[in-house]
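Trainee: Got a structure for you, written out below as structure tokens; questions coming shortly.
The values are calculated or read from the model by the stated rules, or taken from the named source; none is laboratory data. Because the structure is predicted, anything quoted here is derived from the model rather than measured. For neighbour counting, all protein chains shown are included, and Cβ atoms are generated from backbone atoms with ideal geometry for every residue, glycine included.
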Amino acid sequence: MVRIGQSVPRLDGITKASGSFRYAGDIRLKDALVGKVLRSRMPHGLIKTIDTSQAVTQPGVRTILTYRDVPGPNIFGSTISDQPVLCHDKVRFVGDALAIVAADSEEEAELAMQHIKVEYDPLPVISTPQQALMSNAPRIHEKGNLAHRVEYSVGNVQGAFRKADLTISEKYHTSRQKHMYVETEAGFSVPTRQGVEVYAATQQPFQDRVQICRALSLRESAVRVVGVDLGGGFGGKEEITVQIHLALLAMKTKRSVRMIWTREESGIAATTRHPMDLEYKTAFRKDGILLGNEVRLIADTGAYMSYGPTVIEVGSGQANGPYRIPNTHVEGLCVYTNNPPAGAMRGFGVAQANFAFETQLDIAAEKLQVNPVTLRKLNALTEGELDGTGSLPITKPRLKETLETIESTDLWKRRDTYRGKGEQSWLSRGIGMAAGMKSTGYGAFPEKVRVKIELTCDGTYKLYLSNPEMGSGATTALTQIAAHALGTSVSKVKLNAADTKHEIDSGGSDASRAIYVVGNAIIKAADELKKNILNRASRKLKTKPTALRITSTSVVGGRKRVSLRDLAQSNPLSAVASYSVLRPPSLLSGTMGLPVTLFSYGACVANVEVNEFTGQVKVLNVTFVPEVGTVINRKGLEAQVEGGITQSIGFALMEEMEVTEGKVKAPNFTTYLVPTVDDAIKPIVVPVPNVFEPTGPLGAKGGGELSTIAVPAAICNAIHDAVGVRIMTIPATPERVLKAIEMTR
């Protein structure tokens, strides 16, 4: 029987490490056509004509489709549908889809696209949210350029500032970050008698099916979506990419079609992290107690919403962090521009807000001459206090435990030994810390999942989910939970994930939700299946169910025994269970998904080295303390933290997708910098000991995004400790750091 907390090897580890695993783009079907998308090269313009007459006559071309060929509503979008499947009246960013081609080969599809003629009337380009919000700004969408707004107040924030001994007012900016997964957007489609099957690199197979059916005017029974394990997602594959286009081409040609985006195509057409402008004004008492916080967040959602409304809500809802602030006012704006669409990305709005607020706290600790850990402990939320929105009592807030654990770590206890000069006099080292929290699940959105477990005729179990494995290892941990609940080994639980054919919808792989939400459903299904097994064994052995017990291979009662294989030989046993996440009693006014009911917590210490001649920053060490309840798979958690920290190093120090007049300057790895093996570190991960989430499966909750929340601020706080300059705009590129250093001299 598997032990919880044991480091179980990833189920997909060997095939992926050896290179033998086949991702969506690796799968080749005999005689499959190649699909390509013609994309706009203009950031904003009215479409006059789309002429495909020459293109359709090119060799190997099987079909070319435009907006006229979309059978249903020509629109898609994860939260609010506002993006055309194929543009018909105007284009809103460089990358908008205009036409799709299916040809016998990639070369023939590319040649055909060169012969499609598109004429535009150019429109003014809106490059920033500030431009977009001007009263005379051209409208990107008919309803206006303000896509979504959230606002809430608690207490009397102006009164708090009047009473304050210290007020910190600062402006911050976080950049547009690309997911830059190893595998680009890819998939293939197969026509069927009823409709179509789509196999894609997706985080949301059931949501994809809804959007495909709507655009193609098909019943759900006519569409099957299979989520092929992803080569990285990080939120970027929650949105529709290839899925609807593949379905359209397969239905039109009655042939299988494959589509793989190039790296440049992914760089301009896929979603990004929301760039944000953040204004924080924070009031403190002289002893470090927080009195008030006034916050304004402005997110650039690009040409279409995608997950913009929920990103700005989650970021705004957690703008105060896990701290007690009796007086607050928060406003969050999500704004359309002619930049590439921004959507879901690991950290989901909280990474941006937490960078700003944790910097605020560090500034205050320095000015008040208070230990930065002590300052945070003084203000940490406790059981029963209201969350940051003032609308819901918070349960089991464990920030204080993470901070107490941080205090016991070597990097913090001996921090003075990690400071000072490096090997050369121009290399300066510093220590910084930060903390944070991240919601688990979809917040106030209804969240009901289904899971199925089956005892098969060979005596093993099948576990049915809809969560694609995107590299997080969550499906391994979920299998581990099932094995534990069934009293068997992981090797005897076979996973069937991410296929709508089974009609088992456990949601997508996102929002740090799988362990908590799906894990709870798995335990319910396992308990129900065990009852069914005992009832069948009872009839076979003519013994009361209460006198029987299930082992890894048999059902035993005294001297009587029947194998699981024999029990299921003629008729497999199964159980389906549902789990609904507890929802708040009411929504925060004007929001779609606030407040949030459950959080995980984290704190970290970072050690950096700054080259004072070049401004180059190198992260030397990070100690990270996650509070995720019971740890299901220790190695899995460590791997998630390590990956999240590497991504945070990119966010904090180097990743910046520049867009000028709507045109992406760095669409590929040639010009877009990401952390490499030289930048990655092996962090020390110290989970908070002896914690248990009473509502979670076996006491667990999610933590997949947690390490992306606190680390960027800790790195920048360490830069200040090293060279005495504050970084208010990230990434802290060498140019920005050097300029800040020079301004202090």
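Trainee: I'd like the full set of residues that are closer than 20 Å to Thr676 by Cα and part of a loop (DSSP other than H, G, I, E, B), limited to region 592-637.
Mentor: Answer for region 592-637, where residues must be closer than 20 Å to Thr676 by Cα and part of a loop (DSSP other than H, G, I, E, B): Thr614, Gly615, Gln616.
Trainee: As an exercise: evaluate Ser316 against (1) among the hydroxyl-bearing types (Ser, Thr, Tyr); (2) part of a strand (DSSP E or B); (3) farther than 28 Å from Val94 by Cβ and give the number of the one condition it does not meet.
Mentor: It is condition (2) that Ser316 fails.
Trainee: What is the number of the single condition among (1) under 22 Å from Ala99 (Cα atoms); (2) crowded, with 23+ Cβ neighbours inside 10 Å; (3) not assigned by TED's automatic domain parsing to the domain that holds Tyr67; (4) not aromatic (Phe, Trp, Tyr) that Arg273 does not meet?
Mentor: Result: Arg273 passes all but (1).
Trainee: Still on this structure, please answer the following. So if I check each of Val295, Val311, which one is under 27 Å from the mean Cα position of the chain (by Cα), of a type in the set (Val, Ile, Thr), not in a helix (DSSP H, G or I) and not assigned by TED's automatic domain parsing to the domain that holds Glu110?
Mentor: Working: Val311 fails: not in a helix (DSSP H, G or I).
None of the others qualify; the one that does is Val295.
Trainee: Related question: Looking at (1) within 16 Å of Val596 (Cα to Cα); (2) touching a helix residue (DSSP H, G or I) at 6+ places or on another chain (Cβ under 9 Å), find the lone condition where Pro446 falls short.
Mentor: Failing condition for Pro446: (2).
Trainee: Would you point out the residue of region 658-684, among those that are part of a loop (DSSP other than H, G, I, E, B) and either at positive phi or among the aliphatic types (A, V, I, L, M) (or both), that is surrounded by the fewest Cβ atoms within 10 Å (Cβ to Cβ)?
Mentor: The residue in question is Val677.
Trainee: How many residues are out of contact with any strand residue (DSSP E or B) (no Cβ under 7 Å at 6 or more places or on another chain) and either of a type in the set (A, V, I, L, M, F, W, C) or part of a loop (DSSP other than H, G, I, E, B) (or both) if we restrict to region 519-533?
Mentor: The total comes to 1.
Trainee: Follow-up question, since we're still on this one. Do we have Ala283 as more than 20 Å from the chain's Cα centre (by Cα), surrounded by 24 or more Cβ atoms within 10 Å (Cβ to Cβ), among the hydrophobic types (A, V, I, L, M, F, W, C) and closer than 16 Å to Glu185 by Cβ here?
Mentor: Details: more than 20 Å from the chain's Cα centre (by Cα): yes; surrounded by 24 or more Cβ atoms within 10 Å (Cβ to Cβ): yes; among the hydrophobic types (A, V, I, L, M, F, W, C): yes; closer than 16 Å to Glu185 by Cβ: no.
No.
Trainee: I've got another one for you. Can you tell me which residue within region 481-509, out of those that are assigned to a helix (DSSP H, G or I) and among the hydroxyl-bearing types (Ser, Thr, Tyr), is surrounded by the fewest Cβ atoms within 10 Å (Cβ to Cβ)?
Mentor: Among those that are assigned to a helix (DSSP H, G or I) and among the hydroxyl-bearing types (Ser, Thr, Tyr), it is Ser491.
Trainee: Of all the residues that make up region 689-703, how many are crowded, with 19+ Cβ neighbours inside 10 Å and under 14 Å from Leu598 (Cα atoms)?
Mentor: Number of matching residues: 7.
Trainee: While we're on this one: Report yes if Thr63 is loosely packed, with under 14 Cβ neighbours inside 10 Å, of a type outside the set (Asp, Glu), over 32 Å from the mean Cα position of the chain (by Cα) and farther than 30 Å from Glu469 by Cβ, otherwise no.
Mentor: no
Trainee: Considering only region 187-205, state which residues are crowded, with 21+ Cβ neighbours inside 10 Å, touching a helix residue (DSSP H, G or I) at 6+ places or on another chain (Cβ under 6 Å) and not in a strand (DSSP E or B).
Mentor: Once the filter is applied, which keeps residues that are crowded, with 21+ Cβ neighbours inside 10 Å, touching a helix residue (DSSP H, G or I) at 6+ places or on another chain (Cβ under 6 Å) and not in a strand (DSSP E or B), region 187-205 yields Ala201, Thr202, Pro205.
Trainee: Out of the residues in region 620-653 that are surrounded by 21 or more Cβ atoms within 10 Å (Cβ to Cβ) and in contact with a Leu (Cβ under 6 Å, 6 or more places away or on another chain), state the one that is farthest from Glu693 (Cα to Cα).
Mentor: If we take residues in region 620-653 being surrounded by 21 or more Cβ atoms within 10 Å (Cβ to Cβ) and in contact with a Leu (Cβ under 6 Å, 6 or more places away or on another chain), then Thr623 is farthest from Glu693 (Cα to Cα).
Trainee: Could I ask something else about it? Within region 248-266, take every residue that is under 29 Å from the mean Cα position of the chain (by Cα) and not in a helix (DSSP H, G or I) and give me the one that is farthest from Gly72 (Cα to Cα).
Mentor: Step one: of region 248-266, the residues under 29 Å from the mean Cα position of the chain (by Cα) are 248, 257-266.
From what's left, not in a helix (DSSP H, G or I): 257-262.
Values: Val257: 20, Arg258: 22, Met259: 22, Ile260: 24, Trp261: 24, Thr262: 28 Å.
Taking the candidates together, the pick is Thr262.
Trainee: For residues in region 322-337 being in a loop (DSSP other than H, G, I, E, B) and either under 23 Å from the mean Cα position of the chain (by Cα) or without any contact (Cβ under 8 Å) to a residue 12 or more places away in the chain (or both), which is surrounded by the fewest Cβ atoms within 10 Å (Cβ to Cβ)?
Mentor: Pro322
Trainee: Now, a different point. Can you pull out every residue in region 576-609 that is among the polar types (S, T, N, Q) and within 13 Å of Tyr442 (Cβ to Cβ)?
Mentor: Hits for region 576-609 are Ser580, Thr591, Thr597.
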